[in-house]
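Down below is the structure, laid out as structure tokens.
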Amino acid sequence: MTVRSTLSGEARVVRVLISRAEDASWQAQALECDLLAIGSSRAAALDTLIKVIEVQAAHDVRHSREPLSTFAKAPESSWRAFNRTASVAEPVELWRHAPSSTLQFLVANAVGVDRPSRVN
């Protein structure tokens, strides 16, 4: 996802990895900002993550911060899983437009690729 803020006008790419959890739920993990959404389907997990990111980006802009700048990056294991998945199939690109930002999601679907282990 690319976030173009009204503060600087610069673009940032945020990647999303979708994978199946051990309990058969689906997880959508944003990499540049460590956010994770869980759903009963791929679409539900991705939709939830997109909504959370949109709300957080708008909140940050209202408070004169770069969108998503208060979050750390996802764990390295998630980045490796995204890169493995992206090497098998090119990520899907999705766009969302809002008054305070433009969001471009690069979504990699990790079906059949080892998923990252999440440490809580």
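The values are calculated or read from the model by the stated rules, or taken from the named source; none is laboratory data. The structure displayed is predicted, hence computed values, not measured ones. Cβ: placed from backbone, ideal geometry, glycine included. Neighbour counts: every protein chain shown.
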Q.
Could you tell me how many of the residues in the range 64-83 are in contact with a strand residue (DSSP E or B) (Cβ under 9 Å, 6 or more places away or on another chain) and part of a helix (DSSP H, G or I)?
A. 5
Q) Is it the case that D114 is of a type in the set (D, E), exposed (fewer than 13 other Cβ atoms within 10 Å of the Cβ), in a loop (DSSP other than H, G, I, E, B) and modelled with pLDDT of 90 or more? A) no
Q. Do any residues in the range 42-62 that are on the phi > 0 side of the Ramachandran plot have Cβ atoms under 9 Å from those of residues that are β-branched (V, I, T) and assigned to a helix (DSSP H, G or I), where the two are at least six apart or on different chains, and which pairs are they?
A. none
(Q) I'd like to check something: does the range 45-63 contain any residue that is surrounded by fewer than 16 Cβ atoms within 10 Å (Cβ to Cβ), at pLDDT 90 or above and outside any helix (DSSP H, G or I)? (A) yes
